[in-house]
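Chemist: Next up is a structure, given as structure tokens.
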Amino acid sequence: METIGFTENQMTVREAVATLCAKFPNSYWQEHDQHEQDPKEFHAALAKDGWLGIALPEELGGSGLGISEATMMMQAIAESGAGMAGAQSIHGNVYATQPLARFGNQEQREGTIPKIISGEWRTCFGVTEPNTGLDTLRLRTLAQKSADGQLYSVTGQKIWITCAQVARKMMLLARTTPLEEVKKPSEGLSLFCIDLDRENTPGLDMRKIKKMGGRAVDANEVFFDNYPIPADTLIGAENQGFKIILQGMNAERCLLAGEALGLGYAAVARATGYARERVVFGRPIGANQGIAHPLADAYMRLEAAKHATYHAARLYDQSQSTGDASSKVRQGAVGVAANTAKYLAAEAAFTACERAVLTHGGMGYAVEYDVERWLRECLVPRIAPVSREMVMNYIGEKVLGLPRSY
């Protein structure tokens, strides 16, 4: 990757994280993928060196850096060979905490964020539901307040919740006003930072989902059945959760774009190394334009997506600035940039990973060369947290002014 134009902080992050990741070779990730083992040693190593707090306030034990630096960290992790599995083992701790850090009260922030940064607690993001999918505004999980106002009772189901099996906390988006009683679907949603306590609190169940890639991290269906949560777990104002959670959603798109870039650059590097060394018909296969041109094209796609990704991350950080309000970037611009970056990086990663497998020929199918694992994982950013088609719908409506299609 060409690194001209990055800040000193970004390059320092890239180099330090790459050094740490070198302690976890590809064999580590192959084994954890095959046996579906959580990479707890990797998570602990990042926590020990303070990386989980990269974009969290210094007064809470974080580094006080931005999503620009966090995106570089996630790219370096994926690029090291850890792929999406390595990135997903920690990225929820980075983006899911952004709404808490910005909108939580002092007690919530001080009681939760330092323990996430230290690695004592892990967190997950509870938004997606099986019957609404990408239609977030129509989710049905209901949090009903008790008569004395001390508790909420949560009933509903979430799906594709990464790391729920190992998480202590969940950032939960739920309805506090039923959909039928609001004027607009964006109203009536509230955000909570809750404990996941299956052992001592009834009404909570989790079921792991067997999946194609990223097997080292768990994905889950989470069921709530009158699960009690304290009223003081509410983040910000009741019924204002959707506006609050956008802080985490745009951050997530930036981080995921960085992860996709890392995966793509790793794939191109592995493929070009193989193409230089593999000799067929008396010469390296990389001398053939049928091999060289697809890889060169994949690299250029990654470079273009890289610029879009770090542009989006920079806008996100500017939108969070505490300086002159008139200089802040509006959230709509951040949303457009973050969705664009996520789309372009995911497509570039898919192109790179597919061509890496094809460059290896039959050996691209072998576990030991890693490219088959990366190909399985590169489908994640094309699908989540929002599909390619929904990104195009969003750009069509918000940027091009076309009629809404959904």
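Chemist: What does the convex hull of the Cα atoms of the stretch 135-223 come to per residue, in Å³, rounded to a whole number?
Modeler: 109
Chemist: Report the local net charge at Met72: Lys and Arg +1, Asp and Glu -1, summed over other residues whose C-beta lies under 13 Å from its C-beta.
Modeler: Computed value for this residue: -3.
Chemist: Just to be sure I understand: if I project the alpha-carbon convex hull of the stretch 342-403 onto a plane and average over all orientations, what area do I get in nm²?
Modeler: 4.5
Chemist: Report the charge-dipole magnitude of the chain in Debye, nearest 20, computed about the Cα centre from +1 at each Lys and Arg Cβ and -1 at each Asp and Glu Cβ.
Modeler: About 880 debye.
Chemist: Cut-off 10 angstrom, C-alpha nodes, Gaussian network model of the chain. Which of Met73, Met300, Met249 fluctuates the most?
Modeler: Met300
Chemist: I've got another one for you. Angle between the Cα long axis of helix 83-95 and the longest principal axis of the chain, 0 to 90 degrees, nearest 10?
Modeler: With both axes taken from Cα atoms, the answer is about 30 degrees.
Chemist: Please list, in order along the stretch 309-314, the HN-Hα scalar couplings obtained from phi with the Karplus expression 6.51 cos²θ - 1.76 cosθ + 1.60 (θ = phi - 60°), rounded to whole Hz, x for Gly and Pro.
Modeler: 5, 6, 5, 4, 5, 5
Chemist: Can you give the net charge of the other residues whose Cβ lies under 15 Å from the Cβ of Arg109, counting K and R as +1 and D and E as -1?
Modeler: -2
Chemist: Oh, and also: Which net charge results for the neighbourhood of Arg122, defined as the other residues with beta-carbon distances under 9 angstrom from its beta-carbon, given Lys and Arg at +1 and Asp and Glu at -1?
Modeler: Result for the local shell: +1.
Chemist: Moving on. Kindly state, as a whole number, the per residue volume in cubic angstrom of the convex hull around the alpha carbon atoms of the stretch 106-161.
Modeler: Per-residue hull volume (Cα only) is 127 Å³.
Chemist: Using alpha-carbon positions, what is the distance between the centroids of the stretch 252-309 and the stretch 122-149, in Å?
Modeler: Centre-to-centre (Cα) distance: 40 Å.
Chemist: Cα-Cα over 23 Å: which of Lys40/Lys342; Lys48/Lys158; Lys243/Lys342; Lys183/Lys342; Lys40/Lys211?
Modeler: Lys40/Lys342; Lys48/Lys158; Lys183/Lys342
Chemist: Ok, one more. Just Thr136, Thr123, Thr322 to compare: in a GNM of the chain, with alpha carbon springs under 10 Å, which one fluctuates most?
Modeler: Thr322
Chemist: Here is a further query. Could you state the principal axis extents of the C-alpha atoms in the stretch 8-117, from the largest down, to the nearest angstrom?
Modeler: Between the extreme Cα coordinates on each principal axis of the stretch 8-117 lie 43, 33, 19 Å.
Chemist: Along the stretch 222-233, what does the Karplus equation 6.51 cos²θ - 1.76 cosθ + 1.60 (θ = phi - 60°) give for ³J(HN,Hα), rounded to whole Hz, x for Gly and Pro?
Modeler: Values per residue, Gly and Pro as x: 10, 10, 10, 9, 6, 6, x, 10, x, 5, 7, 7 Hz.
Chemist: Could I ask something else about it? For the stretch 171-327, compute the orientation-averaged projected area of the C-alpha convex hull (one quarter of its surface), in nm².
Modeler: Its average projected convex-hull area is 15.7 nm².
Chemist: Sticking with this structure for a sec: Which GluC sites (Glu not before Pro) from the stretch 186-260 combine a DSSP loop assignment with at most 15 other Cβ atoms within 10 Å?
Modeler: Here the GluC sites (Glu not before Pro) that fit, given the DSSP loop and packing criteria, are Glu199.
Chemist: Report the far tail of the P(r) of the stretch 259-351, meaning the percent of Cα-Cα pairs longer than 16 Å.
Modeler: 61
Chemist: Would you mind checking the tilt of helix 241-277 against the longest principal axis of the Cα atoms of the chain, expressed as 0 to 90 degrees and rounded to 10?
Modeler: Tilt of helix 241-277: around 10 degrees.
Chemist: Give the long-range amide H neighbours of Asn105: residues separated by 5 or more places, or on another chain, with amide H under 5 Å away, using H modelled in the peptide plane at 1.01 Å from N.
Modeler: The answer is Gly236.
Chemist: Quick query: amide H of Ile54 versus all other amide H atoms, modeled in the peptide plane; which residues come in under 5 Å with a sequence gap of 5 or more or a different chain?
Modeler: The answer is Ser63.
Chemist: Still on this model: Compute the normalised compactness of the stretch 77-200: alpha-carbon radius of gyration over 2.2 N^0.38 Å, N being the residue count.
Modeler: That ratio works out to 1.14.
Chemist: While we're on this one: Among (1) 21.3, 81; (2) 21.0, 70; (3) 21.4, 66, which one is Rg and Dmax of the Cα atoms in Å computed from these coordinates?
Modeler: Comparing each candidate, only (1) matches the computed number.
Chemist: Report ³J(HN,Hα) in whole Hz for each residue of the stretch 301-308, in order, from the Karplus equation J = 6.51 cos²θ - 1.76 cosθ + 1.60 where θ = phi - 60°; Gly and Pro get x.
Modeler: Using θ = phi - 60°, the values come out as 5, 5, 4, 5, 5, 4, 5, 5 Hz.
Chemist: A further question follows. Counting each DSSP H run of 4 or more residues in the chain as -39500 (n - 2.57), what helix-only mean residue ellipticity at 222 nm follows after dividing by all residues, to the nearest 500 deg cm²/dmol?
Modeler: My calculation for the chain gives -15500 deg cm²/dmol from helical runs alone.
Chemist: Along each principal axis of its Cα atoms, how long is the stretch 241-398 end to end? Whole angstroms, biggest number first, please.
Modeler: Projected onto the principal axes, the Cα atoms of the stretch 241-398 cover 64, 27, 25 Å.
Chemist: I've got another one for you. So how tilted is helix 67-77 from the main axis of the chain? Cα-based, degrees 0 to 90, rounded to 10.
Modeler: 50
No lab work stands behind these numbers, since they all come straight from the coordinates. Just so it is clear, the model here is predicted, and its values are computed rather than measured. When we count neighbours, we look across all protein chains shown, and the Cβ atoms used for this are built from the backbone with ideal geometry, even at glycine.
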